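Encoded as structure tokens, the structure appears first; notes follow it.
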Amino acid sequence: MPAPIKINPAFANILYVDDEVNNLVSFTAAFRKHFNIFTASSAKEGLEILRVHPIALIVTDQRMPEMTGVQFLEAVIPEYPDTIRMVLTGFSDVEAIIRAINTGRVFRYITKPWDQDDLKIILDTAIKIYVLEKANRELVNRLQSELETQKKIISLFQKYVPPDVVNEAIKSENEFSLIQGETRIVSILFSDIRHFTELSAKLDPKVLVQFLNNYFAAMTDCVKANKGTINKFLGDGILALFGAPLSYIDNQFNAISCGMDMLKKLDSFNKDYSTLIGHEIEIAIGINTGEVTAGTIGSSDKVEYTVIGDTVNVASRLVDVAKTMSNTLLISESTYLPAKDRIMVEALPPQSLHGKEEKIAVYKVLGESSL
């Protein structure tokens, strides 16, 4: 969306993100006499505006197609930590927004429909807070150094639990707060080694463990390099998340890029280990994107951060299809569409997946687009 025709230097800059054009128009008409209003119809458009204009306050709708408002606000924190973040939401989303407020990702929320006078007061308050925080930036930077001590303490635990989950647990006053789930839009990546059962039966147990540890290390590097999180190892399989527990702008493309990197990394891995195991290994990768319930499941003695839902099941089924091919990366349509301009694919015939009544569109990733 275009910037205001005339920017008043005496006004604070507010970015409003909403996929409904009518909402953007209404918000601009209501507050353009008091603020410089910038509007965007998607997270990517919002990020482009942030990189051009100094934004004091971001207000975003919660329910949007590619990611929720909370996920968008999370994604811009690394680049714009001082910008105040607020969410417009329906009553059904209030619990998730309150949880985001408690963990520092959101300043506050406004329920729909909003009252113009009340919202004006809230916006004024947020701008005042932004000005105060900007003045105290040096103090905040000094306080950040104290976090280094915490990082040393939790370094061991981060090998077993996703770092973002550990950090959130430390911040929380309630040790069971992470058990409460939240709805997120996540890209799920599953990968498996083809014919691993036959391979494991032939190898000495010590050699097998050495082989798997080095394989997982190589694949984990690919996940981390593409802003994903290893959720768990499943025998010879890997479950990685893109969009939980922390989200980035290009979750779908990041997951696809990770899959392509894993296939490239496999070539060098096979050169080192094909002699040890007697042949080269092949892997299958499936990626699906959609809504999941994300949260910590377990007891007071042991907990595990995980994601649940049909989105996860479909990603797992895509791996089963990919196993019928050699070193193949398959993605669903919900993963393909947001990244279609950046990748080359081959559209496969609609696939029947176990547990799904209707066939789904599946794409084989051929590589990154040269355009």
Applying the selection to region 344-371, what residues are part of a loop (DSSP other than H, G, I, E, B) and either surrounded by 12 or more Cβ atoms within 10 Å (Cβ to Cβ) or on the phi < 0 side of the Ramachandran plot (or both)?
-> 352, 353, 354, 356, 357, 358, 359, 369, 370, 371
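Is one or more of the residues making up region 236-250 hydrophobic (A, V, I, L, M, F, W, C), surrounded by fewer than 22 Cβ atoms within 10 Å (Cβ to Cβ), within 30 Å of residue 97 (Cβ to Cβ) and touching a residue at least 24 places away in the same chain (Cβ under 8 Å)?
So far as region 236-250 goes, yes, one or more of its residues are hydrophobic (A, V, I, L, M, F, W, C), surrounded by fewer than 22 Cβ atoms within 10 Å (Cβ to Cβ), within 30 Å of residue 97 (Cβ to Cβ) and touching a residue at least 24 places away in the same chain (Cβ under 8 Å).
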Say we look at region 291-317 and pick out the residues that are over 20 Å from the mean Cα position of the chain (by Cα) and at negative phi; which of these is surrounded by the most Cβ atoms within 10 Å (Cβ to Cβ)?
-> 317
Could you count how many residues in region 68-122 are in contact (Cβ under 8 Å) with a residue 12 or more places away in the chain, more than 28 Å from residue 136 (Cα to Cα) and not in a helix (DSSP H, G or I)?
-> 6
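This table checks each residue for (1) charged (D, E, K, R); (2) under 24 Å from residue 261 (Cβ atoms); (3) modelled with pLDDT under 95.
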position	(1), (2), (3)
302	yes, no, yes
326	no, yes, yes
335	no, yes, no
345	no, yes, no
353	no, no, yes
356	yes, no, yes
Quick check: anything in region 75-89 under 22 Å from residue 291 (Cα atoms), surrounded by 12 or more Cβ atoms within 10 Å (Cβ to Cβ) and touching a Pro at 6+ places or on another chain (Cβ under 6 Å)?
-> no
Would you say residue 324 is of a type in the set (S, T, N, Q), in contact with a Leu (Cβ under 8 Å, 6 or more places away or on another chain) and surrounded by fewer than 21 Cβ atoms within 10 Å (Cβ to Cβ)?
-> no
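Would you tally the residues in region 162-202 being part of a helix (DSSP H, G or I), modelled with pLDDT of 65 or more and among the hydroxyl-bearing types (Ser, Thr, Tyr)?
Total meeting the criteria: 2.
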Hey, residue 265 among the basic types (Lys, Arg), assigned to a strand (DSSP E or B) and at pLDDT 90 or above or not = no
Quick check: anything in region 306-316 in a helix (DSSP H, G or I), among the charged types (D, E, K, R) and under 26 Å from residue 199 (Cα atoms)?
-> no
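The values are calculated or read from the model by the stated rules, or taken from the named source; none is laboratory data. Just so it is clear, the model here is predicted, and its values are computed rather than measured. In this analysis, Cβ positions are derived from the backbone assuming ideal geometry, glycine residues included, and neighbour counts consider all displayed protein chains.
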